[in-house]
Amino acid sequence: MEGDVVTVLEAQGGAGAVDQLLRAGCSRRTVERLVRTGVVVRVRRDAVVLASALRGMTPWQRRALRARAVGFSLAHPREGSDPAVHALSHQSAFAVREQAYGGGGEDIHLSRIDGHRGRRDGSLWVHAPVPSTWAAVEDGLLVVHPALAALQVAATSGPENGLICLDGVLHSAALADAAARGQGIEVVRLGRASPGPETTKVRRQIEAAVSAGFGRGQPAVEQVVEAADARSESPGESRSRWLVELLGLGPCTPQFAVRDGSVFVGYADVKLDRWSVLVEFDGQGKYSGLDDLLAEKGREDRLRELGYEVVRITWADLARPHLVRQRILAAIARAEARGAVSG
């Protein structure tokens, strides 16, 4: 019987609901014994995960596993005529899909889809109701559609976090549309990808959700919809672009194509439209060795030879906006001085 519990949970990625285990023929006594002996960890009263699955996980992965467990308990299709009650939403919708998101902390987010009011209980945050058409079944769980979950994040956790999510959703949709036409990522980076079925679906969902309204979160939602860009390729790039705009140094262009005459040099993460200043986000793991570092240094030297100033931003820098502002302003001053000299 203990092996059956492990088998059921392993089949679901290491997470599940006690009620599922009971329906599979496992006894409650067996489940409780496995919890006591540390084989299974209880997330909530009816939600459990395998202790072995938690080992070696990053905090992001643990949050996803916990969200899946609660999902199997509360956000799943109902049998018979009973309507479903909850769907995983907000950051938790991104976590279980293994998509990038910002904010949310340790909370597990659900939205009511049965019309009843939400509630907050410890780390479980059940939000106000949304139409059941906003959710779909994915891997046995009811999950709010990505574009709508992104707007939920903006409404509850602010525009920066919402932008990270919506940029990612739009980028994925644009890539899918380009691939369907036999095109590569280049058309997305250049902003030349014509809206296909995926992008059209996302845009329609966004329009419908904005029209429905997000209460006090509506201004943040509208900011994110206005600022979102399918060209952005990572959360770090999205945050860098948002910070540039927030500091009043925009507008700016993501994935800017740098050319030396007719020769393509490469893409810069962000270019300030008013100045010859490029902002590059250096995420963890971007360079795998010395050769990568040397190649990047050579690329940066070439960018400067072409008249660009380059400002590099790391995750730590994003938490110190005053320092980022100083560095960008210094780069702007150098670019303007260079322009004056060359003029």
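The values are calculated or read from the model by the stated rules, or taken from the named source; none is laboratory data. What you are looking at is a predicted structure, and each value in this text was computed from that prediction instead of being measured. Every residue, glycine among them, receives a Cβ derived from its backbone with ideal geometry; neighbour counts consider all protein chains shown. Keep in mind that these areas ignore ligands, DNA and RNA; they rest on the heavy atoms of the full protein, side chains included. Shrake-Rupley method; radii C 1.70, N 1.55, O 1.52, S 1.80 Å.
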Fraction of accessible area attributable to carbon and sulfur, the chain (%, probe 1.4 Å) = 51
query = Relative to the first principal axis of the alpha-carbon coordinates of the chain, what is the inclination of helix 146-157, with its axis defined by its Cα atoms, in degrees from 0 to 90 and to the nearest 10?
reply = 80
message = Given the whole protein assembly as supplied and a 1.4 Å probe, what does the accessible area of THR156 come to in Å², nearest 10?
response = 60
request  = List the relative contact order of the chain as a percent without decimals, with contacts defined as Cα pairs under 8 Å and 6+ residues apart.
outcome  = 9
request  = Amide H neighbours of LEU124 under 5 Å, at least 5 residues apart or on other chains, H built in the peptide plane: list them.
outcome  = ILE108
note = The farthest towards the positive end of the charge dipole of region 63-144, of the residues THR133, ALA75, GLY102, given +1 on Cβ of Lys and Arg and -1 on Cβ of Asp and Glu, is GLY102
note = For the chain, whose charge dipole is built from +1 on Lys and Arg Cβ atoms and -1 on Asp and Glu Cβ atoms, the candidate among THR199, ALA228, SER123 with its Cα farthest towards the positive end is SER123
note = For the chain, the convex hull over Cα atoms projects on average to an area in nm² of 21.3
inquiry  = Using alpha carbons only, how many angstrom separate the centre of region 7-38 from the centre of region 165-215?
reply    = 40
ask   = Dipole size in debye (nearest 20) for the chain around its Cα centre, Lys and Arg Cβ +1, Asp and Glu Cβ -1?
value = 720
message = Let me spell out the model: positive unit charges on the Cβ of Lys and Arg, negative unit charges on the Cβ of Asp and Glu, origin at the Cα centre of region 37-96. What dipole size does that give, in debye rounded to 20?
response = 320
inquiry  = Quick check: residue separation of ARG320 and ARG36 times 0.36 nm, minus the Cα distance between them. What number comes out in nm?
reply    = 97.8 nm
key: region 78-170: relative contact order in percent, alpha carbon pairs under 8 Å with at least 6 residues between   = 29
inquiry  = Per DSSP helix of 4 or more residues, -39500 (n - 2.57); summed, then divided by the residues of the chain. What does that give at 222 nm, rounded to the nearest 500?
reply    = -15500 deg cm²/dmol
query = Under a 1.4 Å probe, what is the accessible area of the chain per residue, stated in Å²?
reply = 49
